[in-house]
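In what follows, a structure is listed as structure tokens, so that the remarks can point back to it.
The values are calculated or read from the model by the stated rules, or taken from the named source; none is laboratory data. In this text the structure is predicted, and so the values were computed from the model without any measurement. Every residue, glycine as well, gets a Cβ built from its backbone with ideal geometry; the counts of neighbours run over all protein chains shown. Each accessible area value is taken on the protein alone, full model and side chains, heavy atoms only, with ligands, DNA and RNA left out. Shrake-Rupley method; radii C 1.70, N 1.55, O 1.52, S 1.80 Å.
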Amino acid sequence: QVQLLESGGGLVQPGGSLRLSCAASGIAFSTTAMGWYRQAPGKQRELVASLTRGGLTNYADSVKGRFTISRDNAKNTVYLQMNSLKPEDTAVYYCSTFPDFGSWGQGTQVTVSS
């Protein structure tokens, strides 16, 4: 059974930073591509960043140059470093496999507001 536990969200002012973490279990983490996704109110969930087992990354145009995805295979954890946050980054952030196979955690709320 896949379990995903996201943490690290919160309220931050525009221009600020947050680091999200996602602890995964029930998957062969080190050989699985992972992704961070987000869902803003009234919008569909979208892929923000992905990271293959080989270390290749891909980012949505809206976050390129500001967000960085990384992983620690020893801890079965994937991270999302978010810098220069904007109000439009406000959303619930989720991690999952990439592509996702329908397994989701509770997510972590990120609110960017002054």
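Some notes on this structure:
- The criterion of at least 2 residues that are without any contact (Cβ under 8 Å) to a residue 12 or more places away in the chain is met by the following strands (runs of 3 or more DSSP E) wholly inside the stretch 22-81: 57-59.
- Checked against (1) more than 17 Å from L5 (Cβ to Cβ); (2) open to solvent by less than 70 Å² (accessible area, probe 1.4 Å), D61 meets all criteria but (2).
- Among the residues of the stretch 24-83, just one is touching a Gly at 6+ places or on another chain (Cβ under 6 Å) and among the polar types (S, T, N, Q), namely S50.
- Of the residues making up the stretch 83-101, one or more are in a loop (DSSP other than H, G, I, E, B) and open to solvent by less than 30 Å² (accessible area, probe 1.4 Å).
- Of residues in the stretch 18-41 being open to solvent by 60 Å² or more (accessible area, probe 1.4 Å) and at pLDDT 95 or above, the one farthest from R71 (Cα to Cα): Q39
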